[in-house]
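These notes concern the structure reproduced below.
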Amino acid sequence: MSGSTFGRLFRVTNFGESHGPAIGCVIDGCPPGLPLAAEDLQPDLDRRKPGTSRHVTQRRESDRVEILSGVFRGEATGTPIALLIRNEDQRSSDYDSLVDTFRPGHADYTYWRKYGRRDPRGGGRSSARLTAPMVAAGAVAKKWLRLQYGTVIRGCLQQLGPIEIPFVSWDEAESNAFFAPDASIVPQLEAQMDALRRSGDSCGARLRVCASGMPVGLGDPLYDKLDADIAYAMMGINAVKGVEIGAGFGAVVQLGSEHGDELLPQGFGSNHAGGVLGGISTGQDLEVSIAIKPTSSIRLPRRSINARNEAVTVATHGRHDPCVGIRATPIAEAMLALVLVDHALIDRAQNGDVRLDTPPIPAHP
């Protein structure tokens, strides 16, 4: 199966299945000398892991990451870093009824048509379980970016189904299981999730992810634009159906006099571009928003077909997130970090000797 490697200079190859013995990844291209230990990666995995509240899947996985290679005496050696996460709570019998039937909205049918076979247990390779190794790799990228540039990457939940969430602070986003930047709205979110669980249905979500302390100059025209690669990375996350950079689709109703961010000696006048112009970072905050579809595995009966093209009714039982967006914030942060570290290394390789006398415009006035 192709399509399991992400990045060019900082390359991450993902392996495993939802119900196999383990999942993991190999990172190639991490700069040597980066201080690194499993304890650096575990916090982000703990933020993503299942079973953290009653509102997500109750699959119990510790998601303890093991570093198998590429680190010696607490530092990255520059050789491939192998990361392993063992699966501990598979319940494959939940999927016995799906061996030759296809869940509406899921990848069951397309995997079967493409490969002539599929692993129905938890979705196999199509499972969001495979985002865990990317979160671990993203934690490596986050640390390098923070030490090299002071870049900080954070995310939060902007909308859960019909409920829009005001932004109060990043600290509040880390104080609750929803990553809601306004903790006062959590009881309303909990009521929404409890109603969905009782009904057997699911809902979608909208997430925001932001990189602050950005260097200027990451990205290349024409087809390696920073925002294009960000969109590619975000669309690679399970269930993502839309990506916005900066104003996004809101730019449709803006005038040119409003949308164009004025350049002032003391800082940019606004950030409708989301920190990218011409595919190259401006040094402003990178602002990305993603739309996540409702979970496809639901208890409500849905019409489908089986492998013999016969009409069937499918109802999925087992342990599933009524909204996969709740646990997606660390995943979106990780994928943004992987794009940025890759572009930073590419820019350093070509433009490391570029020097300008004029200082960059501050990110904020």
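Numbers for the structure displayed
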read-out	value
Pairs, first of a type in the set (A, V, I, L, M, F, W, C) in region 104-126, second outside any loop (DSSP other than H, G, I, E, B), C-beta under 6 Å, six or more apart	Ala107/Ser126
Total residues in region 326-365, condition part of a loop (DSSP other than H, G, I, E, B), surrounded by fewer than 24 Cβ atoms within 10 Å (Cβ to Cβ) and either of a type in the set (S, T, N, Q) or under 26 Å from the mean Cα position of the chain (by Cα) (or both)	2
Among residues of region 1-22, those that are surrounded by 20 or more Cβ atoms within 10 Å (Cβ to Cβ) and either part of a loop (DSSP other than H, G, I, E, B) or more than 17 Å from the chain's Cα centre (by Cα) (or both), counted	6
Those residues of region 99-119 which are surrounded by fewer than 22 Cβ atoms within 10 Å (Cβ to Cβ), over 16 Å from Thr295 (Cα atoms) and either of a type outside the set (Phe, Trp, Tyr) or modelled with pLDDT under 85 (or both), in sequence order	Val99, Asp100, Thr101, Thr110, Arg113, Lys114, Gly116, Arg117, Asp119
Residue in region 246-264 that is without any contact (Cβ under 8 Å) to a residue 12 or more places away in the chain and assigned to a strand (DSSP E or B) present	no
Residue ID - surrounded by the most Cβ atoms within 10 Å (Cβ to Cβ), chosen from residues in region 300-312 that are more than 18 Å from Arg118 (Cβ to Cβ) and under 32 Å from the mean Cα position of the chain (by Cα)	Arg302
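Let's see how each residue does on (1) surrounded by fewer than 15 Cβ atoms within 10 Å (Cβ to Cβ); (2) assigned to a loop (DSSP other than H, G, I, E, B); (3) under 13 Å from the mean Cα position of the chain (by Cα):
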{"site": "Ser202", "(1), (2), (3)": "no, yes, no"}
{"site": "Val209", "(1), (2), (3)": "no, no, yes"}
{"site": "Ala231", "(1), (2), (3)": "no, no, yes"}
{"site": "Lys241", "(1), (2), (3)": "yes, no, yes"}
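The values are calculated or read from the model by the stated rules, or taken from the named source; none is laboratory data. Being a predicted model, the structure only gives us computed values, none of them experimental. Heads up, the Cβs are rebuilt from the backbone with ideal geometry, glycines too, and the neighbour counts pull from every protein chain shown.
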